[in-house]
Amino acid sequence: MERTKFRAIVPTHILTNDPSFTAWGWAVLTRSGIVVDCGCIKTVPEQKKRRIRKSDDTERRISEIVHTLLSLIKKYNVVYILSEAPHGSQNASAAVMIGACVGIVQSIADVLDIGVEFYSEGDSKKNTLGKLSATKNEMVQAIQKVYTTVKWSGIKYVDEAVADALAVHYVASRFSSTMKMMRINEK
């Protein structure tokens, strides 16, 4: 008699991001939009403390972000990634960070063969608050009303980063064809 092998059905999740070198906000959600986990990856420059070149310290920080994101993707079986598209820079160093943030998200998606969508900060604000200009506090308050199961940290920069990541999910859940299909297939 042949035995039937049963496989456990592992739920799949979506990772949404507010990329930044100093406070990378993230949230993991079910395909139907329930927040499972959220947080912030904080990295700080330490080239002077470590007595290393600035470029080596930048690589260290990138590595910290990448390893944290990869562990989240593995832990929660992430099948889709959303991200705010970083924009604008006030100096050359900030421009490097913007490029690195986009590179991190896109490279992880490419290497792991996971779909990815980027949305602008303006898209998030416009769809969450109905206007393009908003304070961080306004965004946090608006997102708290939409995602009521979030365990907020009470730490200002963490909650702001998480709220911005969730705002990306909010706009994608309204306009992304892929997200709509994922919700239909989950039912």
- Message: Every residue in the stretch 43-60 that is assigned to a helix (DSSP H, G or I) and at pLDDT 80 or above, please.
- Response: Asp57, Thr58, Glu59, Arg60
- Query: Restricting attention to the stretch 131-148, and to residues there that are surrounded by 14 or more Cβ atoms within 10 Å (Cβ to Cβ) and of a type in the set (D, E, K, R), which single residue is farthest from Gly39 (Cα to Cα)?
  - Reply: Glu138
- Item | helices (runs of 4 or more DSSP H) wholly inside the stretch 131-187 that include at least 3 residues being free of Cβ contacts under 8 Å to residues at least 12 places away in the same chain | 136-146, 177-186
- Message: Looking only at residues that are surrounded by fewer than 15 Cβ atoms within 10 Å (Cβ to Cβ) and aliphatic (A, V, I, L, M) in the stretch 1-35, which one is modelled with the highest pLDDT?
- Response: Ile34
- Task: Would you please list the contacts, defined by Cβ atoms under 6 Å and residues six or more apart or on different chains, that run from a residue in the stretch 61-85 that is touching a residue at least 24 places away in the same chain (Cβ under 8 Å) and aromatic (Phe, Trp, Tyr) to a residue that is part of a strand (DSSP E or B) and crowded, with 17+ Cβ neighbours inside 10 Å?
- Result: Tyr76/His13; Tyr76/Val28; Tyr80/Ile14
- Query: Inside the stretch 61-98, can you point out the residues that are assigned to a helix (DSSP H, G or I) and under 22 Å from Ser32 (Cβ atoms)?
  - Reply: Leu72, Ile73, Lys74, Lys75, Tyr76
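Confirm whether Val116 is assigned to a strand (DSSP E or B), out of contact with any Gly (no Cβ under 8 Å at 6 or more places or on another chain) and of a type in the set (Val, Ile, Thr). Quick ask: steps written out before the conclusion?
Values: assigned to a strand (DSSP E or B): yes; out of contact with any Gly (no Cβ under 8 Å at 6 or more places or on another chain): yes; of a type in the set (Val, Ile, Thr): yes.
Yes.
The values are calculated or read from the model by the stated rules, or taken from the named source; none is laboratory data. Keep in mind that this is a model prediction, so the values were computed, not measured. Cβ coordinates were reconstructed from backbone atoms using ideal geometry, including for glycine residues, and neighbour counts include every protein chain displayed.
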